[in-house]
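**Student:** I have a structure I would like to understand better, so I am pasting it below and will then ask my questions one at a time.
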Amino acid sequence: MCLLIAQFGVEPDAPLIVAANRDELLDRPAKVMTILRDANPRILGGRDELAGGTWLAVNEHGLVAGLTNQPSGSGRDPSKRSRGELPLAFAQYETAAEAVRVVTAKLDPAQYNPCWMLVGDRHSMFSIGLSGGGSPEVEQLQPGLHVLENAPLRPASAKAAFVERLVAKAKSNAGQAGSVAALEDVLRDHTPSVPEPRTDATGRVWPPSISAACVHAAGYGTRSAMTVVVPAAGLPIVRAADGRPCEVPLQDFSDLWTASWSAEMAG
């Protein structure tokens, strides 16, 4: 399970704020933040060291692309291309509108295991569904709060609806600390949105802890957290925690916009 929270078109000084938790097997190797592409445009994000690619990418123009996996009763098909390629494919473009238009026109969902995506920038935001066949399902989203977990954006799942309520409460308590602090508080929250074990559409039974924003389960859970603030002008502010955000503080990685590519790769 993964969680993407996007506040789009709400605050003039920060037209896009994204907060995300990555949930994965605890022993799966990954780098929480790195330079994924050096230039034209420079792209930052985490890197999956097993399959390659990323779960969330942001470029220097302020385009953010993230994904959540669609559960499957038969599990992941290893013969298909890595879903981690997809955020990188969208993040190569200067605007979300151009990225969605160009990439979805040539994208074959059957080549990938199913997933859902959010792609946005200062000016527009889109949800994209890849269900394993046909064409990508694209919807342009209106300003507001959008919460995506390992389920369709609509109708809102129990977890997504619960996270929306957590965000509203956190923002009311944050005061001058602002939306970013509120969203980071939500990423740390362990309260299950579903108090009992649940069975998903594939027949798999999930413990209540899986339905929390910050997941703690045996051998599995929230591996890292990330927030991206896209200001009205200038480079995005990127923060990440290499571990559960309830245990590891988020650190500012915005210096990677100007860091040496060769030094970062060597590190």
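Conditions (1) outside any helix (DSSP H, G or I); (2) closer than 26 Å to ARG239 by Cβ; (3) among the small types (Gly, Ala, Ser), marked per residue:
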| position | (1), (2), (3) |
| --- | --- |
| ALA105 | no, no, yes |
| VAL119 | yes, yes, no |
| ILE128 | yes, yes, no |
| SER135 | yes, no, yes |
| VAL163 | no, yes, no |
| ALA170 | no, yes, yes |
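**Student:** Another question, then. Exactly one of these conditions fails for ALA241: (1) in contact with a Gly (Cβ under 9 Å, 6 or more places away or on another chain); (2) buried (at least 16 other Cβ atoms within 10 Å of the Cβ). Give me its number.
**Tutor:** (1)
**Student:** Looking at ASP252 and the list (1) at pLDDT 95 or above; (2) of a type in the set (Asp, Glu); (3) within 24 Å of CYS115 (Cβ to Cβ), which single condition is not satisfied?
**Tutor:** (3)
**Student:** How many residues are touching a residue at least 60 places away in the same chain (Cβ under 8 Å) and within 16 Å of PRO114 (Cβ to Cβ) when one looks only at region 37-66?
**Tutor:** Adding up the residues that qualify gives 1.
**Student:** Now for a separate question. If I filter region 200-220 down to residues being within 18 Å of ALA160 (Cβ to Cβ) and outside any loop (DSSP other than H, G, I, E, B), which single residue comes out as modelled with the lowest pLDDT?
**Tutor:** TRP206
Every residue, every condition in (1) of a type in the set (Asp, Glu); (2) in contact with a helix residue (DSSP H, G or I) (Cβ under 8 Å, 6 or more places away or on another chain); (3) more than 19 Å from GLY129 (Cβ to Cβ); (4) not in a strand (DSSP E or B), yes or no:
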{"site": "GLN7", "(1), (2), (3), (4)": "no, yes, yes, no"}
{"site": "ARG22", "(1), (2), (3), (4)": "no, no, yes, no"}
{"site": "LYS31", "(1), (2), (3), (4)": "no, no, yes, no"}
{"site": "ALA65", "(1), (2), (3), (4)": "no, yes, no, no"}
{"site": "PRO87", "(1), (2), (3), (4)": "no, no, no, yes"}
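**Student:** Oh, and also: Quick one: how many residues across region 1-29 are hydrophobic (A, V, I, L, M, F, W, C), at pLDDT 95 or above and surrounded by fewer than 18 Cβ atoms within 10 Å (Cβ to Cβ)?
**Tutor:** 1
**Student:** Only one of these conditions is not met by SER157: (1) small (Gly, Ala, Ser); (2) over 20 Å from GLN70 (Cβ atoms); (3) touching a strand residue (DSSP E or B) at 6+ places or on another chain (Cβ under 9 Å); (4) without any contact (Cβ under 8 Å) to a residue 12 or more places away in the chain. Which number is it?
**Tutor:** The failed condition is (2).
**Student:** May I pose another question? Take region 132-155 and flag every residue that is touching a Phe, Trp or Tyr at 6+ places or on another chain (Cβ under 9 Å) and among the small types (Gly, Ala, Ser).
**Tutor:** Matches in region 132-155: GLY132, GLY144, ALA151.
**Student:** While we're here: Identify, please: which residue in region 171-190 is without any contact (Cβ under 8 Å) to a residue 40 or more places away in the chain and touching a Ser or Thr at 6+ places or on another chain (Cβ under 9 Å) and is, among those, surrounded by the most Cβ atoms within 10 Å (Cβ to Cβ)?
**Tutor:** Checking each candidate, the answer is ALA182.
**Student:** If you take the residues of region 106-154 that are farther than 21 Å from GLY52 by Cα, among the acidic types (Asp, Glu) and free of Cβ contacts under 8 Å to residues at least 60 places away in the same chain, which of them is surrounded by the most Cβ atoms within 10 Å (Cβ to Cβ)?
**Tutor:** Only one residue fits best here, namely GLU137.
**Student:** Mind counting the residues in region 31-54 that are crowded, with 17+ Cβ neighbours inside 10 Å and among the small types (Gly, Ala, Ser)?
**Tutor:** 3
The values are calculated or read from the model by the stated rules, or taken from the named source; none is laboratory data. Worth saying up front: this structure is predicted, and the values here are computed from it rather than measured. Please note: Cβ atoms are built from the backbone with ideal geometry, for glycine as well, and neighbour counts cover all protein chains shown.
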